[in-house]
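The values are calculated or read from the model by the stated rules, or taken from the named source; none is laboratory data. The structure displayed is predicted, hence computed values, not measured ones. Every residue, glycine as well, gets a Cβ built from its backbone with ideal geometry; the counts of neighbours run over all protein chains shown. Protein only, heavy atoms only, side chains kept; ligands, DNA and RNA dropped before computing areas. Shrake-Rupley method; radii C 1.70, N 1.55, O 1.52, S 1.80 Å.
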Amino acid sequence: LERLEATDEDNIPFYADIYGIIRKTVSYAGYPVNVKYALTTFEQAAEIVEALQTNGLENIKLRYLYIANGGALQTVANSFKVESKLGGSKGYIEFLTEMSAAGVEVFPEIDILHVYKDTMFDGFTPNTDVVRTLGKIKSIMIGKNLSTGYLDRQADREFYLPHWAISPKLYSEVFADFFESYSKYESYNISLGSVGSILTSDFDKDMIIDRSQTSRVIAAELEKYVSEGYNI
């Protein structure tokens, strides 16, 4: 390999991640209550970008995580609902306008392949919409403790965002519903999270799908939306 030396003309992009909504346990009238908590509102994100540019950073590409559909505990991505605690839809549109004027590209992140929280009437049903393992049971994935590499006791696993993997047979439908909802913001930048790193198989007895088939489905969906002008 030959080392490439960057020049001033290269204008190498600076990628920055900003985090939106997480869940936090607070005390309410003496009882622990799990509430949504904003790590970085749109107003604060604009302040961060201004500080970066003031200090000489140019060509900033901003990935905004946990911005919609519940934040870190994201519901099914068949829509794009910006969290009100960050500033809501109106605040997001104003933020996009401000960032465009500043020459900053914003890539909101959504995990289109997984569901972290199931809610009523959201169009997602774990019994029918998730992948099945070889043993024909629903696949629920739980992250491991980063410091130990092991799963902690059951009560602590909520901090590792257990989630379902959506069956590949539903990908086309979920992609279509998501982009229809997202299109109202007239923004063509999007980060699709695990789409570039996860391939799942589904051993549902009614329709077995292997990982090579899943890869072709994902490739077809990405090609479709790139051809429509989306920067993924």
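With a simple spin-label model that places each label point 7 Å from the Cα along the Cα-to-Cβ direction, the separation between Y28 and L57 comes to 3.5 nm. Straight-distance candidates among the lysines for linking to K36, with alpha-carbon spacing under 18 Å and chain neighbours fewer than 8 residues away dropped: K24, K81, K85, K117. Of all stretches in the chain that contain no GluC sites (Glu not before Pro) in a DSSP loop with at most 14 other Cβ atoms within 10 Å, the longest one is 59-185. May I ask you to derive the FRET efficiency for R216 and S194 from their Cβ-Cβ distance with R0 = 22 Å, giving the value to the nearest 0.05? E between R216 and S194, to the nearest 0.05, is 0.80. For the chain, leaving out every one of the trypsin sites (Lys or Arg not before Pro) that falls in a DSSP loop and has at most 16 other Cβ atoms within 10 Å, the longest unbroken run is 4-80. Normalised per residue, the accessible area of the chain is 60 Å², obtained with a 1.4 Å probe and no contribution from ligands, DNA or RNA. One Cα centroid belongs to region 50-90, the other to region 192-232; the line between them spans 24 Å.
Taking the Cβ of A77 as the center, what net charge do the other residues with Cβ under 9 Å away carry, scoring Lys and Arg +1 and Asp and Glu -1?
Value of the local net charge: -2.
Please give me the summed charge of the neighbours of I67: other residues whose Cβ is under 11 Å from its Cβ, Lys and Arg +1, Asp and Glu -1. Residues close to I67 contribute a combined charge of +1. Here the accessible area of region 108-232 is 54 percent carbon and sulfur, with a 1.4 angstrom probe and all protein chains present. Note on the chain: dipole from Cβ charges, positive end direction compared against L52, L222, A6; the farthest Cα belongs to L222.
Out of the DSSP beta bridges found with both residues in the chain, what percent are antiparallel (nearest 5)? Could the numbers behind the result be given before it?
Details: 18 of 30 bridges.
Of the beta bridges lying entirely in the chain, close to 60 percent run antiparallel.
Placing dummy labels 7 Å off each Cα toward the beta-carbon, the span from L146 to T97 is 3.7 nm. By accessible area, using a 1.4 Å probe on protein heavy atoms only, region 1-103 has 51% of its surface on carbon and sulfur.
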